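The values are calculated or read from the model by the stated rules, or taken from the named source; none is laboratory data. Not measured: the values here are computed from a predicted model. Reconstructed Cβ throughout: ideal geometry from the backbone, glycine too, with neighbour counts over all protein chains shown. To get the accessible areas, we keep the full protein, side chains included, count just its heavy atoms, and leave off ligands, DNA and RNA. Shrake-Rupley method; radii C 1.70, N 1.55, O 1.52, S 1.80 Å.
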Amino acid sequence: MESALPAVSASSTKRVEERESVVVRFAGDSGDGIQVAGMQLTNETALAGNDLSTLPDFPAEIRAPAGTLAGVSGFQLHFSSHDIYTPGDQPDVLVAFNPAALKVNIGDLKPNGILIVDESTFTEQNLKKAEYRTNPLQDGSLDRFQLFPIDITKLTSQALHDLNLPARSVTRCRNFFALGLVSWLFHRPIDPTIRWLRQKFGRNAELAEANIRALKAGYHYGETAELFATSFEVKPARIAPGMYRNITGNTATAIGFVAAARRAGLPLFLGSYPITPASDILHEMATYKNFDVFTFQAEDEIAGVGAALGAAFGGAIGVTTTSGPGMCLKTETINLAVSVELPLVVADIQRGGPSTGLPTKTEQSDLLMALYGRSGESPVPVLAPSTPADCFETAYEAVRIAVKYMTPVVYLSDGFLANSAEPWRIPDPSELPEIPVHFRTDPEGFFPYLRDPETLSRPWVRPGTPGLEHRIGGLEKEYLTGNVSYAPINHEQMVRVRARKIAGIVREIPPTSVFGPDRGDLLVVGWGSSFGSIRAAVENCLARGRAVAHVHLRFLNPLPPDLGSILSRYGRVLVPEMNLGHLLRVLRAEYLVDAVGLNKIQGLPFRVAEIENKIERLLGKKT
């Protein structure tokens, strides 16, 4: 095993400064390995015991023209010695691999922040691509930052000179030089990255060696070069006992579905067509074949959801995943699932729209489509996770609701949750809620639409069960028998009973948790990935003595039964959303409250300061 490098604080004569939290951002071309460097720094940080939150931000194009503003990829990591909720508003450190990366990101760097640039890339040609008229490394425009121009490309090349690798392969290792340097700067352990590289390039020892050398070269450069007089230490955070792993929202979603299927004792079938940012769920679930998981990469979105519904008809847990325009294409089959009343989970990982829109950017603009975007009276429960770790619990809950109430469920995540990461305490499987499954086998008194008196769900019957033959389809069905019926009264009865079934899911919703005073001047209501920014903003306002509270909704249909009474206890209601006010409309319509919205549609999550400033403007000057 690779020996650990000495801890900086123990061996270095340089000054060590303690920080409570730090935000680091890598930025470069989409082919510079920015996401890999960011994820490895995240893993190092998780093992260092800090709380953390990440924000990967990459372009839609697989390979935009090198050096252009459109091709810039970024990865931001916020880590701390205490609990944090967001990837941070502004970076303390920016590592820019070329002029375009500098231009796109420099506006976010804190004044006096650390700016590390690969100076060899600041050529006349690259400056022109980035639309710089003068070299920012020389014109004084960066004087308000701590600028560290380092020839990362040359130093990486020198570290690998005897490996005889092609120049392009050598250049591709410079992301690990930068990672090594940042790891030294913040006392991150690099042994986990070395082990990962050996595993990643197991069949190509030369490439593994090259990247490891670059990593170590960057680490030792920070230690030995006179450029850096100070390194920084962020002590481990206090966390509840347990076994933790670093997890992204999409991975947590996949594991949540698998755990639910195992708890139900049923095979899990995922019918899906690859689409950003949902594809990682398909990739992840394809690795769980040994847990009776079947993944089907369909020829299109319609085939994916159709196959999943067919699997549900056959007695499996049917799941389909999608994003953006894929949700539109699945609508007809979701309607069919409502009509035939079979359990199906539709995971919509929202992105910027309309149409193809912003494939790699986040948004919350599918809520009204999830609630109402189908023909006829077609109600479905809608659940939304709030953090990457919460994706596990919400995905699990979506399966439980689908099975218990024999209904399609929309699971509404988004691109920010999908790709961001945080520490996740692995739950004890025995503590997960039961998911009982009862397949009807007794033909005595059987009717396909004979409903459970409590849940109003119909019996789940595996095809081929003797004596339980019945028809299903999209045409309206006669109450009890399921035979095709166009009778006016029967149709109204079926519409109303399907609506009552979904409304009855309200009994599954626990009492709403209110963060802050139980009554006051302002209540901030959110859903989905805005949780972290809202919670941090409300915490800051509470610290200043403001009477502000936060409610975050997992169930968006039906809404919590106590929400109306909670809203009535506050003078004003604020609803921050990454759309033009979807939940705002729902709350105003359902509860007749004069709520106001804070809306952001930029493909990026809220900053804490944006919500905090809105709260302060609504409350006015403190007296």
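Counting only protein heavy atoms and a probe of 1.4 Å, the accessible surface of segment 24-155 is 50% carbon and sulfur. Using only protein heavy atoms and a 1.4 Å probe, report how much of Leu619 is accessible, in Å² to the nearest 10. Rounded to the nearest 10, that gives 40 Å². Taking packing as the residue-averaged number of other Cβ atoms within 10 angstrom, the listed peptides 447-453, 66-72 run from highest to lowest as 66-72, 447-453. Of the options Leu412, Leu450, Pro433, report the single residue whose Cα projects farthest towards the positive end of the charge dipole of segment 389-462 (beta-carbon charges: Lys, Arg +1; Asp, Glu -1). Farthest along the dipole direction, towards plus: Leu450. For the chain, taking the reciprocal of the average inverse distance between every pair of different Cα atoms yields a Kirkwood hydrodynamic radius of 26.3 Å. Within a straight-line Cα-Cα reach of under 15 Å, Lys129 can be paired with the following aspartates and glutamates, leaving aside sequence neighbours fewer than 8 residues apart in one chain: Asp29.
Taking square-rooted eigenvalues a ≥ b ≥ c of the alpha carbon gyration tensor, is segment 561-623 rounded, prolate or oblate, where a/c under 1.5 means rounded and, failing that, a/b exceeding b/c means prolate? Because a/c hits 1.5 or more and a/b fails to exceed b/c, segment 561-623 counts as oblate. Counting only Cα atoms, segment 465-504 measures 33, 25, 15 Å along its principal axes, largest extent leading. For the chain, the antiparallel share of DSSP beta bridges with both residues in that region comes to about 35%.
A simple spin-label model places pseudo-atoms 7 Å from Cα toward Cβ; at Leu163 and Glu377 they are separated by 6.7 nm. Across the chain, the relative contact order, built from alpha-carbon pairs under 8 Å that are at least six residues apart, equals 12 percent. When the solvent-accessible area of segment 408-454 is split by element, carbon and sulfur atoms take up 54 percent of it, the probe being 1.4 Å. On a per residue basis, the convex hull of the C-alpha atoms belonging to segment 427-556 measures out at 190 Å³.
Database remark: amide H of Leu598 closer than 5 angstrom to the amide H of Val575, Glu577 (H placed geometrically; neighbours at sequence offset of 5 or more, or on other chains; Pro and chain starts carry no H). Probing with 1.4 Å while keeping every protein chain in the model, the per residue accessible area of segment 226-379 equals 38 Å². Residue-wise HN-Hα couplings along segment 383-395, as the Karplus relation 6.51 cos²θ - 1.76 cosθ + 1.60 with θ = phi - 60° gives them from phi, are 10, 9, x, 10, 9, x, 5, 5, 4, 4, 5, 6, 4 Hz; Gly and Pro carry x. Just check segment 378-437 against the gyration tensor rule for me: Cα atoms, a ≥ b ≥ c as the square roots of the eigenvalues, rounded for a/c under 1.5, and otherwise prolate or oblate depending on whether a/b exceeds b/c. Since a/c reaches 1.5 but b/c is at least a/b, the shape of segment 378-437 is classed as oblate.
When the accessible area of segment 514-623 is computed with all protein chains present and a 1.4 Å probe, what percentage of it is carbon and sulfur? Reported share for carbon and sulfur atoms: 49 percent. Taking all protein chains as shown and a probe of 1.4 angstrom, Glu61 keeps an accessible surface of around 100 Å². Accessible surface calculations at 1.4 Å, restricted to protein heavy atoms, place segment 492-623 at 43 Å² per residue. Which lysines, if any, have their Cα less than 19 Å from the Cα of Lys200, not counting same-chain residues under 8 positions apart? Output for Lys200: Lys216. For segment 291-364, the square roots a ≥ b ≥ c of the C-alpha gyration tensor eigenvalues yield an a/c of 1.5 or more together with a/b exceeding b/c, which makes the shape prolate.
This model, with +1 at the C-beta of Lys and Arg and -1 at the C-beta of Asp and Glu, gives the chain a dipole about its Cα centre of some 460 debye.
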